Every structure is written in structure tokens, then in C-alpha cells.
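Chemist: Let me give you the structure first, and then I'll get to my questions.
The values are calculated or read from the model by the stated rules, or taken from the named source; none is laboratory data. A quick note: this is a predicted structure, and the numbers were derived from the prediction, not measured. Cβ sites come from the backbone with ideal geometry, for glycine too, and all protein chains shown count toward neighbours. Note: areas computed on protein heavy atoms with side chains; ligands, DNA, RNA excluded. Shrake-Rupley method; radii C 1.70, N 1.55, O 1.52, S 1.80 Å.
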Amino acid sequence: MGEEQFGVRHVIGAPISTTRLSEQAIVCMPPRSAKFTLAEWKLSNDMRSRNTEDQQQLADRILKESERIRDETGERASIMKATSDRRIEERLGDIEFNKKELQLQRKEICLELEALGVYKTRLQDCLASLQSNALTICRKCLMLRDGRIGIDLVVDEVERALQQEITTILGGQSLLKRALEQLNEQMRRLRATRYLLDRDLQYKQAAIDLDKGSLSLKPTDLCLSVYEGYANLDPANISADEYNAYSAKNVQQAAREVTSARPIRVFIDVLLKQVIDDLWCSFNKCNHEFNERIGDTKRAKAKLEDMHRETTQKIADMMNNILQLQKALCDKEGNTALAHTRLGRRAQRIGAELVRDPPGQSLYYECEILRHSTEQLQQMLHEANASLRYLLQTQIQLEEDINVKMNTLKIDEVDCMTLRTTMDYHAY
């Protein structure tokens, strides 16, 4: 019993049957509408037809206008695309032209840098040669000439010429170093300009690649997209005039740097020639002074050798003279003894025979003469011995002077001139 007694089934979707009328829903039917008249029917149909015709006419106008606008916008899009393509091509041509100008200037800068590099090598080689060869040799010559001894250790024209040559070398080094600094500064400016050109060329190549890529795009490509951001789609803030001015400025700056670099090469050529000419002039002058000094020393040495030879001969003559004087003294001793013996014997006479007769006077005069002669011979022997001592001393002094001159000739002619033959000046 219960729900099954009254025919209630709990089946989803099954109709529920009831046996009670009060439980059934009451359906309310609306009242029937009033009928229209024939005139209203005709009017309604006419209005519907008129509205339909109006809508069709409007639709025809819209279709024609749509076709016109579609054709117009398509033609406009084609024209704008062609215009944009032409503008891009023109822009590509301008960029390519500017790029070629920059590449030409960059090539000029690279050639100029290469040429300046050669000149830099020339300056460095010249400075190294002056420092290691010429200056060292001149200073070594001064040091060697300090090895002179005696009276030859004199401040002569050779030493002044060597000092002047060292001054010339140092002055040339100073000029070359200043020129090298200017050359390095110019090369730095050229490298900076080349860096700016490389950066500008990189930017232009990127712009060319982008414009060529944009020019190759078609409206049917799948890689296209519509920008839906809020920022400005065209962020360019440089005008065409500013761009042209920037490109022209880079080209003009590069040309100006190349133009300013060329006179430096001419200046270095002139400077190297002038420095080398001055060095050769100092070198030749110093060699001339060396040759003059060597000639003077040789002439002085030859004169000393002649004097030494004459002095040696005089010493031999003086020694022979001393022997002759000694022999003469020995001879005079016999004569003196004879005269004294005779006088002594005659002094033994007796008485009136002890008279001052001529023989006695003659013997007395002979003794006086012999005494005077002996004194003269002794005086001459003393003078001869003194002269011999002076001659021997002079001979020793001459030998020392000859040795001094030989030492000077060895230093100047052998050591210094041999070193100076290795000196070489050229413009590198």
C-alpha cells in the first residue's frame, strides 16, 4: 500500500497517473484573438512587400558599396604596398650608397694605418740603432780615449767632436721620439675613427638585412602578425636630415683624419733625412778630426823617433868623447910627471948653478900649461859626464813619449776607428 496503491511509480521519465481529480493540474487556455479584416490583410501584405523591397534595395546598395570599397581598399593597399616597397628600395639604395662611402673611407683608413705602421717601424728601428750602435760606440770611444796617458790625455778637437756627435745623436733621438708620439696619436685617432665606421657599417648592414627581409615579405606569409601593444609601433626618433648629417659627419671625419695623417708621413721622411744628414755630417767631422789627430800623433812620434835616434848617436859620441878625454888625461899625467921630475932634479942644483935659466922657466911654464890643460880636460870630462847623464835621461824621456804616442795611436787608430767603421746611418 501507500504510493503503489495510488498508482505512483518512482521511475524517472515515467508519467504519473493519479486517480484524484483534485490533484490534477488545471490548464488555462488563452482567449482566441480577434480576426483581421481583408483590408488589414492586404495592407499587411503590401507593407511586408514594401519593406522587403526596401531592404533588398538597401542590401543591393550595400553590396555595391562593399564591392566598391573592397576594390578601392584593395587598390589602395596595393598602391601603398608598392609605395612602401619603392620607398624601402630607395632607402636600401641610400643605405647601400652610404655603406659604400663608409667602406671606401674604411679602406683608406686601413691603408693609411698600414702605411703609418711602416713609418712607425722605421722610427723604432732608427731609434734602436742610434741607441744601441751609434751612441754606444761614441761613448765607448770617449771611454777608450780616457785610457791615454801622459801629456796625450788632452782635451783635443777629437773629444769635442765626439761630444758634439753625442749631442747630435741625442737631439735626433729627441726629435724622432716626438715624431713617434705624434704618429702613435694619429694612429690612435685613425683606429677610433675606424671603430666608429665599423659600428656604423654594422648598423647599416643590420638595417639592410631588416629592410630586405621586410621587402621579401608577402601578405600571404604565415609569419605575419598584428601588433596589439600599447606602445608606439614606430619608435624612430631620428629624422632623415639628422641621419644624413650623421652619415656625412662620419665620412667627413674619416676623410679629415686620413688627410691629416698623410702630412705626418711626409714630415717623418723629411725628419729622417735631416737627422741622418746631420748624423753623417757629425760622423764625417769626427772622423776627420780623428784622422787629423792620428796624423799629428804620427808626425810627433816620427819626430820623437828621429830625436831618439839622434840622441842615441849623441850618447855614443859622448861616450867615445869621454873615453878620449880620459885617455888624454892619462897622457897628460905622464907629461906632467916628466915636467915635475925635471924641475925636481934641477932644483937639486948647488950654489950658483941654482939659477933661473930659460930651461927652468920653460919647465915651469910647461908645468903650468900642463896643469891648466889637465884642469880643462877634467872640466870637459865633468861636463861630458853631465851631458851623458842628461842625454841618457832625455833618451829615457823620449822612449816614454814614444810609448805614450804608440798607446795613443793604438787607441785612436786601432780601437776607436775600428769601432767607428761599424757605425751606419740610413733612413730605414
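Chemist: So, with +1 on the Cβ of K and R and -1 on the Cβ of D and E, and no other charges, what is the size of the charge dipole of the stretch 286-428 about its Cα centre, to the nearest 20 debye?
Modeler: About 760 debye.
Chemist: Would you mind putting 311-319, 238-246 in packing order, based on average other-beta-carbon counts within 10 Å, highest first? Numbers along the way, then the final one.
Modeler: Working: 311-319: 15.4, 238-246: 10.8.
Final packing ranking: 311-319, 238-246.
Chemist: Now for a separate question. Set the bar at 22 Å for Cα to Cα. Now go through K314/K410; K298/K410; K120/K140 and name every pair that lies beyond it. Intermediate results must be reported in sequence, preceding the final value.
Modeler: Numbers: K314/K410 30 Å; K298/K410 11 Å; K120/K140 29 Å.
The pairs that break the limit, which is 22 Å between Cα atoms, are K314/K410; K120/K140.
Chemist: Quick one, could you list the DSSP H helices from the chain stretching 18 Å or more along their long axis (Cα atoms) with average Kyte-Doolittle hydropathy of -1.0 or above? Could the numbers behind the result be given before it?
Modeler: On the way: long enough: 38-129 (130 Å, -0.98); 157-216 (86 Å, -0.61); 240-346 (154 Å, -0.69); 358-409 (73 Å, -0.56).
Membrane-span-like by this rule: 38-129, 157-216, 240-346, 358-409.
Chemist: Rounded to the nearest 500, what is the 222 nm mean residue ellipticity of the chain from helices alone, with -39500 (n - 2.57) per DSSP H run of 4+ residues and division by all residues?
Modeler: Numbers: 6 runs with 326 residues, N = 428.
Helices in the chain give a 222 nm mean residue ellipticity of -28500 deg cm²/dmol.
Chemist: Further question on the same structure: Just to be sure I follow: if Rg is taken over the C-alpha atoms of the chain and Rh is the Kirkwood radius over the same atoms, what is Rg/Rh?
Modeler: Working: Rg = 67.1 Å, Rh = 38.1 Å.
Reported Rg/Rh, Kirkwood definition of Rh: 1.76.
Chemist: Here's a follow-up. If you roll a 1.4 Å probe over the heavy atoms of the protein chains, what accessible area per residue do you get for the chain, in Å²? Walk me through the intermediate numbers first.
Modeler: Details: 29990 Å² over 428 residues.
Counting only protein heavy atoms, the per-residue value for the chain is 70 Å².
Chemist: Now, a different point. Show me the ranking of peptides 84-96, 163-175 by mean Cβ neighbours inside 10 Å, starting with the highest. It would help to have the intermediate numbers written out before the result.
Modeler: Values: 84-96: 13.2, 163-175: 17.1.
The packing order, highest mean first, is 163-175, 84-96.
Chemist: Another question about this same structure. Under a straight-distance cross-link criterion of Cα-Cα below 19 Å, which lysines are reachable from K107, leaving out those fewer than 8 residues away in the same chain?
Modeler: K99, K204, K249
Chemist: Related question: Can you pull the percent of the chain's accessible area that's carbon plus sulfur, 1.4 Å probe, other chains left in place? Don't skip to the end; give the middle numbers.
Modeler: Numbers: 16910 of 29990 Å².
Percent of accessible area from carbon and sulfur atoms in the chain: 56.
Chemist: Next up: How do 210-216, 151-157 rank on mean C-beta neighbours within 10 Å, highest first? Please list the in-between numbers first.
Modeler: On the way: 210-216: 11.6, 151-157: 13.9.
The most tightly packed comes first, giving 151-157, 210-216.
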